[in-house]
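J.: Here it is, the structure in full.
The values are calculated or read from the model by the stated rules, or taken from the named source; none is laboratory data. The structure presented is a predicted model; accordingly, all values stated were derived computationally and were not measured. For neighbour counting, all protein chains shown are included, and Cβ atoms are generated from backbone atoms with ideal geometry for every residue, glycine included.
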Amino acid sequence: MTRTALITGAAGGIGRAVAARLVADGLRVAGLDLTDPRLPGVTFHRADVTDPAQVAAAVGRAVEELGGIDVLVTCAGITQGGPLHLTTDEEWQRVLSANLDSVFLCVREVLPTMMAAGSGAVVTVGSVLHRTGAPGLPAYAAAKGAIAALTRQLAVDYGRFGISFVTLAPGWVRTPATEARLAPGEEDLVRLRESNPMRTLVDAGDIAEAVAFASSPAAGMITGSELVLDAGASVVSPASLLRDSHRERMGLPPLDTH
């Protein structure tokens, strides 16, 4: 039987890549967003994923269309921030609603059909920032940390129904939206590449690969887990990534280039 998937934020960089990958893997895919991703094999359901009524209606249409939901991937979210003491109530709620409430609403609507089927996979997209922090993103970090905690809790509550829950924690992901925030030229991209041990950049396709695995039968015994996708940036001391000339001045040995 053909597996089915529902992707939120399907028109965004990560959501679009995930939807395309799951279609390529043979799944029937529906996407929730405010904009049609216009992807072959993906049916579009317009919904503001922070609005309970719109989510309920859109998920209901997707369930009817697909005959059930085997996989839910929550990619919808926004990155917005500023110092906490300057953050307004409205800004705080906007970030939490887009990133956290959207997960709650979509998972709540999908759970009954998965429980009835006795199987399912939910992949939530969090962020490594709730582990490492970044200047000026208090609401975003709080929301992403809550997603990781919620995912663990759901694994406890719904594992008996055969449903698995995994959080992906990407670092900086190269998408058009994130690149638009960088300074013109290649300098920022070079600095980002050099900020992790693998000297590379994570892109939306890497996240899609992880989703494909985490939602597949091969990962059936993995639940309540968080998978970090940042090319190792969060596990290394910044001093260890300095150029050799800087390392020498600090009394550090050169990097092993062999």
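J.: Return the residues of region 1-34 that are modelled with pLDDT under 95, over 21 Å from residue 203 (Cα atoms) and touching a strand residue (DSSP E or B) at 6+ places or on another chain (Cβ under 9 Å); say none if nothing qualifies.
T.: Across region 1-34, the qualifying residue is only 2.
J.: Could we say that residue 240 is at pLDDT below 75 and not basic (Lys, Arg) here?
T.: yes
J.: Quick one: what pairs do we get from region 39-63, first residue among the small types (Gly, Ala, Ser), second assigned to a loop (DSSP other than H, G, I, E, B), C-beta under 6 Å, 6+ apart or different chains?
T.: Sorted first by the residue in region 39-63, then by its partner, the pairs are 58/47.
Let's see how each residue does on (1) at pLDDT below 95; (2) farther than 22 Å from residue 2 by Cα; (3) buried (at least 19 other Cβ atoms within 10 Å of the Cβ); (4) more than 20 Å from the chain's Cα centre (by Cα):
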| position | (1), (2), (3), (4) |
| --- | --- |
| 58 | no, no, yes, yes |
| 66 | no, no, yes, yes |
| 69 | no, no, yes, no |
| 73 | no, no, yes, no |
| 78 | yes, yes, no, no |
| 84 | yes, yes, no, yes |
| 100 | no, yes, yes, no |
| 112 | no, no, no, yes |
| 119 | no, no, no, yes |
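J.: How many residues, within region 197-213, are of a type in the set (A, V, I, L, M), over 12 Å from the mean Cα position of the chain (by Cα) and not in a loop (DSSP other than H, G, I, E, B)?
T.: Residues meeting the conditions: 2.
J.: For residue 36, state whether it is over 18 Å from the mean Cα position of the chain (by Cα), more than 25 Å from residue 178 (Cα to Cα) and surrounded by fewer than 22 Cβ atoms within 10 Å (Cβ to Cβ). Spell out the reasoning first.
T.: Working: over 18 Å from the mean Cα position of the chain (by Cα): yes; more than 25 Å from residue 178 (Cα to Cα): no; surrounded by fewer than 22 Cβ atoms within 10 Å (Cβ to Cβ): yes.
No: the conditions fail for residue 36.
J.: Residue 130 fails exactly one of the following numbered conditions: (1) touching a helix residue (DSSP H, G or I) at 6+ places or on another chain (Cβ under 9 Å); (2) closer than 14 Å to residue 79 by Cβ; (3) in a loop (DSSP other than H, G, I, E, B). What is the number of that condition?
T.: That leaves (3) as the condition not met.
J.: Tell me which residues, restricted to region 184-196, are surrounded by 15 or more Cβ atoms within 10 Å (Cβ to Cβ) and not in a helix (DSSP H, G or I).
T.: 195, 196, listed by residue number.
J.: Go through region 146-183 and give me each residue that's assigned to a helix (DSSP H, G or I) and either more than 24 Å from residue 104 (Cβ to Cβ) or at pLDDT below 95 (or both).
T.: Answer for region 146-183, where residues must be assigned to a helix (DSSP H, G or I) and either more than 24 Å from residue 104 (Cβ to Cβ) or at pLDDT below 95 (or both): 176, 177, 178, 179.
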